[in-house]
Amino acid sequence: MRTAGWSSLFALFAAASAFPDTITKTDHLSVNGSLTNMSDGVITLEAEFASGSKTPLIKTLHIPIREVESIEFNDTTFNSGAPQKSLGITPLPATPKRTPGAADQVLLRGGVHKDCKLTGIDQESIQCDGKDADYIKRKITLRIEVGAH
């Protein structure tokens, strides 16, 4: 019984410490959740969906960055409908090609824009690559426009 109590408390703490995010794909499908990691060109998103019962359906989504139009850091974690088929249940449709070498653009609180080559995201920061490699605090970031749009 004690183990179950601690497990529940840990799960509640882990969920409370996650940041809410919205990923918009190049096919204009948006999904809300908590972006837990971005590395090797893949975003990992923990998403919560309505399931028709009291308990929501939790899915871990792995979305290639080439399929992402934007990443928004906001207050929304829940998706009102069931998971879309294009979130991994069936093959994805072809996505538009991007301009090679197009910069990603980070929009910070206060309206500041910063061009960068996005290489990673974790719970604390956005990592940009290049001559002036940079770590941008996630809590001051509003949105990331991925590639040339």
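The values are calculated or read from the model by the stated rules, or taken from the named source; none is laboratory data. Model, not experiment: these values are computed from the prediction. As a convention, Cβ positions derive from the backbone with ideal geometry for all residues, glycine included, and neighbour counts pool all protein chains shown. With ligands, DNA and RNA removed, areas are computed over all heavy atoms of the protein, side chains included. Shrake-Rupley method; radii C 1.70, N 1.55, O 1.52, S 1.80 Å.
Residues checked against (1) outside any loop (DSSP other than H, G, I, E, B); (2) at pLDDT below 60:
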{"residue": "4", "(1), (2)": "yes, yes"}
{"residue": "8", "(1), (2)": "yes, yes"}
{"residue": "27", "(1), (2)": "no, no"}
{"residue": "31", "(1), (2)": "yes, no"}
{"residue": "36", "(1), (2)": "yes, no"}
{"residue": "48", "(1), (2)": "yes, no"}
{"residue": "61", "(1), (2)": "yes, no"}
{"residue": "81", "(1), (2)": "no, no"}
{"residue": "89", "(1), (2)": "no, yes"}
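Yes/no matrix, rows are residues, columns are (1) more than 12 Å from the chain's Cα centre (by Cα); (2) open to solvent by less than 10 Å² (accessible area, probe 1.4 Å); (3) farther than 15 Å from residue 126 by Cβ; (4) of a type in the set (Phe, Trp, Tyr):
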residue	(1), (2), (3), (4)
36	no, no, no, no
42	no, no, yes, no
50	yes, no, yes, no
56	yes, no, yes, no
59	yes, no, yes, no
68	no, yes, no, no
71	no, yes, no, no
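Tell me the residue from 103, 94 that is over 18 Å from residue 23 (Cβ atoms) and modelled with pLDDT under 65, please.
Exactly one residue qualifies, and that residue is 94.
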